[in-house]
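One structure is given here, and the rest of the page talks about it.
The values are calculated or read from the model by the stated rules, or taken from the named source; none is laboratory data. Just so we're clear, the structure is a prediction, and the values are computed from it rather than from any experiment. Cβ placement follows ideal geometry from the backbone for every residue including glycine, while neighbour counts extend to all protein chains displayed.
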Amino acid sequence: MQNARPVLVLDFDGTICLGDGPIWAYAKGALEHVDTEVAEHVGAALRRYLDGNADGGEFADGYAALAELVRPHVARGVLESAYARSRLALEDVTVDIEAPRGLADLLDELAGSVRRVVVTNAPDTGLATAMRRLGLDGRIDEIVASAGKPASSRVVLVRLLAGAPAENLMSVGDIWRNDIAPALELGAATGLVDRFGRSPRPAHVCGRTIQELYPAIREWAAAPAAFTATHRPALCAVPSDS
């Protein structure tokens, strides 16, 4: 098992799929069910959060922000329906999404030496089209959709390791409890994408975007055991714009 290919685990939304278009599609579906005053209030609050304003609140990501802001005002099932529609919106070219600059090149560079896996809580809906739009189709070896993070994270990560040492896996994502904490518990390498620089939680490396983590990913891929030996998990201190 020592010679098994290292496994790079990437989150989807907010990590390799950038752009707030899908979040606004989610908001549109949910806010159709509230009155104008509530819709304006929620929309403005969501905008403050996505703009990174200090008064924008603390949420896991934009999807969580919308859900928490609008949940008191809608009937049960509205959010689930709106979210499902937002995933279909990924197939709409008018909904802006983009891959981080240089990611396709990095994945090509790692091809053959590293197993490249996307693990996401999002369903399959719209994923294939989104990957093509991002220019990442053919550059991912496996996609695990509806992953049930964080409850099922350990099961997924252990399966991907397939008996190899934990340092043979690196998990990169933007939600600490979903993408980082379960990997740390296993002893795997971690890279936190902290969009707003507000998450003082432990990870091996962190940055405002995944681009800032490319050097660390390359270093880990070349020598996983050496990477985890020399990069201890530490509280992230990503500079904030404010």
### Query
Does any residue of segment 65-73 turn out to be within 23 Å of the chain's Cα centre (by Cα) and among the small types (Gly, Ala, Ser)?
yes
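Hey, among Gly77, Gly21, Gly43, which residue is at positive phi and out of contact with any strand residue (DSSP E or B) (no Cβ under 8 Å at 6 or more places or on another chain)? Spell out how you get there, then give the answer.
On the way: Gly21 fails: at positive phi; Gly43 fails: at positive phi.
Unique residue meeting the criteria: Gly77.
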### Index of the failed condition, Gly77 passing every other in (1) closer than 13 Å to Lys28 by Cβ; (2) surrounded by fewer than 16 Cβ atoms within 10 Å (Cβ to Cβ)
(1)
### Query
Looking at this structure, is Pro200 at pLDDT below 95 and surrounded by fewer than 22 Cβ atoms within 10 Å (Cβ to Cβ)?
yes
## Note on the structure
Checked segment 20-42 for anything crowded, with 17+ Cβ neighbours inside 10 Å and under 24 Å from the mean Cα position of the chain (by Cα); matches are Asp20, Gly21, Pro22, Ile23, Trp24, Ala25, Tyr26, Ala27, Gly29, Ala30, Val42
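Is it fair to say Leu136 is under 30 Å from Pro215 (Cβ atoms), assigned to a loop (DSSP other than H, G, I, E, B), modelled with pLDDT of 95 or more and not hydroxyl-bearing (Ser, Thr, Tyr)?
Values: under 30 Å from Pro215 (Cβ atoms): yes; assigned to a loop (DSSP other than H, G, I, E, B): yes; modelled with pLDDT of 95 or more: yes; not hydroxyl-bearing (Ser, Thr, Tyr): yes.
In short, yes.
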## Note on the structure
Residues of segment 165-180 being buried (at least 22 other Cβ atoms within 10 Å of the Cβ) and either among the aliphatic types (A, V, I, L, M) or touching a His at 6+ places or on another chain (Cβ under 9 Å) (or both), in sequence order, are Leu169, Met170, Val172, Ile175, Ile180
### Summary
Residue count, segment 99-122, condition exposed (fewer than 14 other Cβ atoms within 10 Å of the Cβ) and either among the basic types (Lys, Arg) or closer than 30 Å to Glu32 by Cβ (or both), comes to 1
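Every residue, every condition in (1) among the hydroxyl-bearing types (Ser, Thr, Tyr); (2) touching a Cys at 6+ places or on another chain (Cβ under 7 Å); (3) touching a residue at least 40 places away in the same chain (Cβ under 8 Å), yes or no:
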{"residue": "Gly135", "(1), (2), (3)": "no, no, no"}
{"residue": "Ser152", "(1), (2), (3)": "yes, no, no"}
{"residue": "Leu161", "(1), (2), (3)": "no, no, yes"}
{"residue": "Met170", "(1), (2), (3)": "no, no, yes"}
{"residue": "Gly187", "(1), (2), (3)": "no, no, yes"}
{"residue": "Arg198", "(1), (2), (3)": "no, no, yes"}
{"residue": "Arg208", "(1), (2), (3)": "no, no, no"}
{"residue": "Trp220", "(1), (2), (3)": "no, no, yes"}
{"residue": "Ala223", "(1), (2), (3)": "no, no, no"}
### Task
Given the conditions (1) in contact with a Leu (Cβ under 9 Å, 6 or more places away or on another chain); (2) within 21 Å of Leu8 (Cβ to Cβ); (3) part of a helix (DSSP H, G or I), report the number of the one that Asp108 does not fulfil.
(1)
#### Entry: Odd one out for Asp11 among (1) of a type in the set (D, E, K, R); (2) in contact (Cβ under 8 Å) with a residue 40 or more places away in the chain; (3) outside the structural domain of Pro165 (by TED's automatic domain parsing)
(3)
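Listed here are the residues, each with its yes/no results for (1) farther than 18 Å from Asp194 by Cα; (2) of a type in the set (D, E, K, R); (3) touching a residue at least 24 places away in the same chain (Cβ under 8 Å).
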{"residue": "Phe59", "(1), (2), (3)": "no, no, no"}
{"residue": "Leu66", "(1), (2), (3)": "yes, no, yes"}
{"residue": "Val78", "(1), (2), (3)": "yes, no, yes"}
{"residue": "Tyr83", "(1), (2), (3)": "yes, no, yes"}
{"residue": "Ala89", "(1), (2), (3)": "yes, no, yes"}
{"residue": "Leu103", "(1), (2), (3)": "no, no, yes"}
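If I ask for residues that are farther than 13 Å from Asp61 by Cα and buried (at least 18 other Cβ atoms within 10 Å of the Cβ), which ones from segment 1-16 would you list? Step through it out loud before you land on a result.
Applying the first criterion (farther than 13 Å from Asp61 by Cα) to segment 1-16 yields 1-10, 16.
Within segment 1-16, Pro6, Val7, Leu8, Val9, Leu10, Ile16 meet the criteria.
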### Task
Go through (1) loosely packed, with under 15 Cβ neighbours inside 10 Å; (2) without any contact (Cβ under 8 Å) to a residue 40 or more places away in the chain one by one and return the number of the condition Met131 breaks.
(1)
